[in-house]
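This report concerns only the one structure given below.
Only the coordinates and a few stated rules stand behind these numbers; no lab work does. A quick note: this is a predicted structure, and the numbers were derived from the prediction, not measured. Here the Cβ is made from the backbone with ideal geometry for all residues, glycine too, and neighbour counts use every protein chain on show.
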Amino acid sequence: MMVQQEKYCKESLVVKTSRIFPIDTNNHNTLFGGKLMSYIDDVASISASRHSRSDVVTASTDSVDFLFPISPTDSVCLESYVTHTGKSSMEVFVKVIAENLKTGERRLAATSFLTFVALDENGKPQRIPKVIPQSEEETMLYNTAEQRVKIRKDRREHSKAFANVISTEMPWG
């Protein structure tokens, strides 16, 4: 299959808006962080698939920075798109905007960066198109991506070294 050479960030844009229901909240009456993290991985994986037009796997979640709590009077809108690409990997940015449904006030509630790898029909990494930023936000994220890639590589090496000394034995037996 011929890989398209380049795609715009906006071609991978995914927008998901949800209401916050009591079942989605924690003991502080705010959106449960795990629920938001599930939403984030969901939209980011769709962005990665749109960009690569292939199956993808989550390689890492750099961070989920919770900036403001999201309450049951809010809706939550997630926007994700591919901001940077390697040979088979894609960095996806997700921003989470909470909107008070009574006042209309909107605030950036969380941000996240995830990395996905595109897979071919045999489950092996496959080449993907480069990404082209257009907006000011896309350009800023694209221009700062190499710093995040380096941090990711360093963190992965640290995690591998750490894994070599962590026990997999059951603590009770």
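Name every residue in segment 91-128 that is part of a strand (DSSP E or B), within 16 Å of Thr30 (Cβ to Cβ) and of a type outside the set (S, T, N, Q), in order of residue number.
Listed by number, the residues that qualify are Val96, Ile97, Ala98, Glu99, Arg107, Leu108, Ala109, Ala110.
Ile70 fulfils the conditions (1) farther than 23 Å from Glu6 by Cβ; (2) aliphatic (A, V, I, L, M); (3) part of a strand (DSSP E or B) except for a single criterion, (3). For segment 147-173, which residues satisfy the criterion of being within 17 Å of the chain's Cα centre (by Cα) and of a type in the set (A, V, I, L, M)? Hits for segment 147-173 are Val149, Ile151.
Lys87 meets the conditions (1) of a type in the set (D, E, K, R); (2) in contact (Cβ under 8 Å) with a residue 60 or more places away in the chain; (3) not in a strand (DSSP E or B) in every case but one. The failed one is (2).
How about segment 71-110: which of its residues are closer than 26 Å to Arg127 by Cβ, of a type outside the set (A, V, I, L, M) and touching a strand residue (DSSP E or B) at 6+ places or on another chain (Cβ under 8 Å)?
Ser80, Tyr81, Thr83, His84, Thr85, Lys87, Ser88, Ser89, Glu91, Phe93
Restricting attention to segment 26-56, the residues being in a strand (DSSP E or B), more than 13 Å from the chain's Cα centre (by Cα) and farther than 16 Å from Ala110 by Cα number 1.
Consider segment 1-48 and keep the residues that are more than 15 Å from Thr85 (Cα to Cα) and of a type in the set (Phe, Trp, Tyr). The one that is surrounded by the fewest Cβ atoms within 10 Å (Cβ to Cβ) is Phe21. When segment 129-146 is limited to residues that are assigned to a helix (DSSP H, G or I) and surrounded by fewer than 18 Cβ atoms within 10 Å (Cβ to Cβ), the one that is farthest from the chain's Cα centre (by Cα) turns out to be Glu136.
Counting only residues that are of a type in the set (A, V, I, L, M), touching a helix residue (DSSP H, G or I) at 6+ places or on another chain (Cβ under 9 Å) and farther than 24 Å from Ser159 by Cβ, segment 42-89 holds 4 of them.
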